[in-house]
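The values are calculated or read from the model by the stated rules, or taken from the named source; none is laboratory data. The structure displayed is predicted, hence computed values, not measured ones. Don't worry about glycine lacking a Cβ; one is built from the backbone with ideal geometry, like all the others, and counts go over all protein chains shown.
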Amino acid sequence: MRTGTPVIELQGITKRFGPVEVLTDIDLSLDAGRVHSLAGENGAGKSTLVKILGGIYQPDGGRIVRNGEPIRIHGAADARHHGIAVIHQHPALFPDLSVAENIFVGRQPRRLGRVDWAAMRQEARGLLAGLRVDIDVRLPVKMLGLAERQTIEVAKALSLSARVLVMDEPTSAISKEEATRLFEIVETLKRQGVAILFISHFIEEILHLGDDVTILRSARRVVTAPAAELTPESTVRYMVGRELEALFPKEVAPIGQAVLEVRHLSGCGFVEDVSFELRTGEILGFFGLVGAGRSEVAQMLFGIERPDGGEIRVDGRPVRVGSPGDAMQLGISLLPEDRHQQGLVLEFPIRANATLPILGRFCRGPGLVDRAREARTAGDYAERMRVVATGIEQQTGTLSGGNQQKVLLAKWLLPSPRILILDQPTRGIDVGAKAEIHRIISRVATQGMAIILISDDVPEVAGMADRILVFRTGRVVAEFSREAADHEAMVLAAAHTPPDPDVAGRDEG
Amino acid sequence: MTLSEPGTAGRPSRQRPRAVRGLVGRILQVREIGLVLILLLLCAIVTARAPRFLEGPNLQQVALSATLVCIVALGEALVIIARQIDLSVGAIVALSAFLAAAWLEHHHDGSLFVVFLIGCGVGTLLGAGNALLVAAARIPAIVATLGTLAIYRGLAIVLAEGRQISATVLPVSYQEVAQARVAGGPLLVWIAMLLTVCFGWIARSTRFGRNLYALGSSPESARFAGISDVRNIAGVFILSGFLCGLVGVLWGARFGTVDAVIARDLHFQVISAVVVGGVSIFGGSGSVYGAALGAVIFAVLQNGMLLLGINQFWLEAALGVAILGAVTFYVFLARRAERESRRQAMLARGASLAADR
């Protein structure tokens, strides 16, 4: 196939969830031997688009055209049949099976009814050699790093003669060197005439690797242009748009003395040299991309993860936070990022979830819970958080996301913390609940609580925080005051590495 | 903390409670009521074919055979609720029964109090052994207790040297424990009922109980809430061991003869009772009362089949069918609940996306 011929075209693709359009009239062409980069903020519709190409979702409008013929993609197997392969950020491989077995799982070459191991390894070696990577095909996959696993996914896709490769944020969890190697593989694939859709949060990658760039914002395609015509600044402008929201009822809170001081904190493998100070009444925003190290810092402060180095001081005194119990003793609460896995016990009623960390306070005698007092307190908080439910005995798992999040907030306000860390407190919840959570955060700040607000949502951080730290790859790379918090500058600081003199010369793309 | 909210002093906003359709729906919601109904149905069927079932001595027989399984099932239920399992219960019963009886053999007029102390002490100690392996050394419970099952049983066999301690060498007062009657019922049955209430209370109303449910349904959320898995999991294994020790002493009193191979299949019976009683094998849900009812249902099944003259060989298979039937039913219930909550989650997702736009 000639370079530049469209292999797959999306024409006017629309997708709705209930009443909401998550993709509106999207056109996208994936051409043989070219890389098409897809960019957009969280929630712009990138992953929905990937799922449509992978056959997970069916579009509600528009059509998918392959080599000039309209097709329907029914499920993942059908996508493969149409020559489309999706490489996920965390490939779903079998950790205990070898590299060769993973590439040929379910279709191992056979001779006389038994698996022909020699032929399988031979073919696997050939595939990896074609990608110019050197991995022992007999190794179990669990011995390999994330980048190598992605390579194996690519090899598998090639062995299935994929003509279209969708790479969904492959670089967000791997090192820079690994990413460079992955880009070399992408170049090899281009020469073989594969059409590639490349999705990334990192702006330099989008522009460097892509031949064409499409930018989505709020379910719509705002621009498609050759990468050469875009600059980092214009890309960010397209992603962010011009809308400025004044949704956040931040009240003015008097800012007092420092309660928490963090100095040169490092740990979790990549967080390095993080220092900051948090004062009473202050809301400190942590902004950055997913995987930038913000949650890891929060978890070190809460005793979930052990720091490798650095110092944490509360009220000027150095402290050791060995467990969540220690953190709670110091007056620290953490509202974790994943409300289903880490935050709530979904089988519990609202009451039991809200009081779980402080159940000891309702206990008399041999750990006997005073149900009446517990119910009063939980009911009181549910009321203040305006949780919509049939009552505090309703099972938490049956609540809407916004109401679950309010229960979670009640749960972590109940210990009366002095330092409240909120990790993505409004992710995936409706605007009404979001506004109420903002109202509550703002209110407790005026009462002197010191707050760390971790969020991907620029308007939220800019609207709520008194001060903003921007994280990138485990470090604090920028700090903005409330007045200086500029939307585009924040996104740029989080997503764009300023050109490195060593690498700047590399320009073959 | 004081969170004064002017203007929100009203009642919490209310959704209309989802209507529970009819009696069947309500029974499905409270599992224990369903179990009682099944139990009554079972009794009715057996009585219709063999009226002897309802006669005093027979009923007492059923109650007595249910009690010992029931007491062990109380501890096992808590263990399974915490997403663990204890396979060593039968071995602990045997070893503590044997040691208690061996002491009595040599101290013929020894106090019964000391016998119970020895039995419960040994059980607690062996339970602590399990706790050490599972909670401290982090060996998966199914493997750890499979190991201790063999070790404890082996220890009993070595200590017993193949001999039996029979009724003839044990003091009469010991066996009277099993025959004693209080307020018209056998003492053993009263003990089992008292313990059931007590453990039901532990599970429902104490912090420890709440922690077990939390650890069983979402270990990570429990960790983030500052609940120590080491301490609570250790506690539940020790408690299970204690109950097994107690049952060891009662076992000797009831059967009069103790050797190293008693209670050989007890772990199967106990886990069956717990599962049939509605405790999820994946942890986090079910109740101690359900487990106790499960033990009674099994005792009635066994006795009923005997009365109806059903071939002994069919008995085992029929019990297996009962277990699978119950579990299939619970899986059906769970799937229905999951479908419902997934539907709700989908709606919520739609709403939240709508709001984000």
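Brief remarks follow.
- Matching residues in segment B:55-89 - criterion: being acidic (Asp, Glu), assigned to a helix (DSSP H, G or I) and without any contact (Cβ under 8 Å) to a residue 24 or more places away in the chain: none
- Candidates in segment B:20-72 are the residues that are modelled with pLDDT under 85 and aliphatic (A, V, I, L, M); of these, the one that is farthest from B:Ala326 (Cα to Cα) is B:Val20.
- Restricted to helices (runs of 4 or more DSSP H) entirely inside segment A:423-509, those with at least 2 residues that are at pLDDT 90 or above are A:431-446.
- Given (1) at pLDDT 90 or above; (2) touching a strand residue (DSSP E or B) at 6+ places or on another chain (Cβ under 6 Å); (3) crowded, with 21+ Cβ neighbours inside 10 Å, number of the condition A:Gly45 does not satisfy: (1)
- The strands (runs of 3 or more DSSP E) located wholly in segment A:116-234 that include 1 or more residues which are aromatic (Phe, Trp, Tyr) occupy A:195-199.
- Considering residues of segment A:89-115 that are part of a loop (DSSP other than H, G, I, E, B) and of a type in the set (S, T, N, Q) only, the residue farthest from A:Lys51 (Cα to Cα): A:Gln108
- Annotation note: Cβ proximity below 8 Å between a residue of segment A:351-368 that is more than 8 Å from chain B (Cβ to nearest Cβ) and within 19 Å of A:Ile392 (Cβ to Cβ) and a residue that is in a strand (DSSP E or B) and modelled with pLDDT of 85 or more (sequence gap 6+ or interchain) occurs for A:Phe362/A:Val369.
- Scope segment A:340-350; condition within 9 Å of another protein chain (Cβ to nearest Cβ) and not hydrophobic (A, V, I, L, M, F, W, C); matching residues: A:His340, A:Gln341, A:Gln342, A:Gly343, A:Glu347
- Residues that are more than 8 Å from every other protein chain (Cβ to nearest Cβ) and at pLDDT below 90, drawn from segment A:400-417: A:Asn403
- Taken together, B:Phe237, B:Phe199, B:Phe255 contain a single residue that is within 14 Å of chain A (Cβ to nearest Cβ) and either modelled with pLDDT under 90 or crowded, with 18+ Cβ neighbours inside 10 Å (or both), which is B:Phe199.
- The lone criterion from (1) part of a helix (DSSP H, G or I); (2) out of contact with any Phe, Trp or Tyr (no Cβ under 8 Å at 6 or more places or on another chain); (3) over 30 Å from A:Ala410 (Cα atoms) left unmet by B:Met305 is number (2).
- Complete set of residues in segment A:8-40 that are farther than 14 Å from A:Arg63 by Cα, assigned to a strand (DSSP E or B) and within 14 Å of chain B (Cβ to nearest Cβ): A:Arg16, A:Phe17, A:Val20, A:Glu21, A:Val22
- Considering residues of segment A:385-396 that are buried (at least 21 other Cβ atoms within 10 Å of the Cβ) and at the interface with chain B (Cβ under 10 Å from one of its Cβ atoms) only, the residue nearest to A:Phe286 (Cα to Cα): A:Met385
- In segment A:269-286, residue surrounded by the most Cβ atoms within 10 Å (Cβ to Cβ) [restricted to those that are closer than 16 Å to A:Glu479 by Cα and small (Gly, Ala, Ser)]: A:Gly285
- Within segment A:315-328, not a single residue is part of a strand (DSSP E or B) and within 8 Å of another protein chain (Cβ to nearest Cβ).
- Residue in segment A:418-432 that is closer than 29 Å to A:Val297 by Cβ, crowded, with 20+ Cβ neighbours inside 10 Å and facing another protein chain (nearest Cβ under 8 Å) present: yes
- Matching residues in segment A:433-476 - criterion: being within 14 Å of another protein chain (Cβ to nearest Cβ), closer than 24 Å to B:Ala225 by Cβ and under 16 Å from the mean Cα position of the chain (by Cα): A:Ser455
- Within segment B:130-143, restricting attention to residues that are touching a residue at least 60 places away in the same chain (Cβ under 8 Å) and surrounded by 15 or more Cβ atoms within 10 Å (Cβ to Cβ), the residue that is farthest from B:Ala101 (Cα to Cα) is B:Ala135.
- Only one of the listed residues (A:Ile26, A:Ile52, A:Ile13, A:Ile8) is out of contact with any Lys or Arg (no Cβ under 7 Å at 6 or more places or on another chain) and either surrounded by 22 or more Cβ atoms within 10 Å (Cβ to Cβ) or not hydroxyl-bearing (Ser, Thr, Tyr) (or both). That residue is A:Ile13.
- If the condition is being among the hydroxyl-bearing types (Ser, Thr, Tyr), in contact (Cβ under 8 Å) with a residue 12 or more places away in the chain and under 24 Å from A:Thr3 (Cα atoms), then segment A:137-180 contributes A:Thr151, A:Ser159, A:Ser161.
- Among the residues of segment B:167-188, those identified as surrounded by 18 or more Cβ atoms within 10 Å (Cβ to Cβ) and either within 20 Å of the chain's Cα centre (by Cα) or part of a helix (DSSP H, G or I) (or both) are B:Tyr174, B:Val177, B:Ala178, B:Leu187, B:Leu188.
- Only one of the numbered conditions (1) within 14 Å of chain A (Cβ to nearest Cβ); (2) under 18 Å from B:Thr67 (Cα atoms) is not met by B:Phe208, and that is (2).
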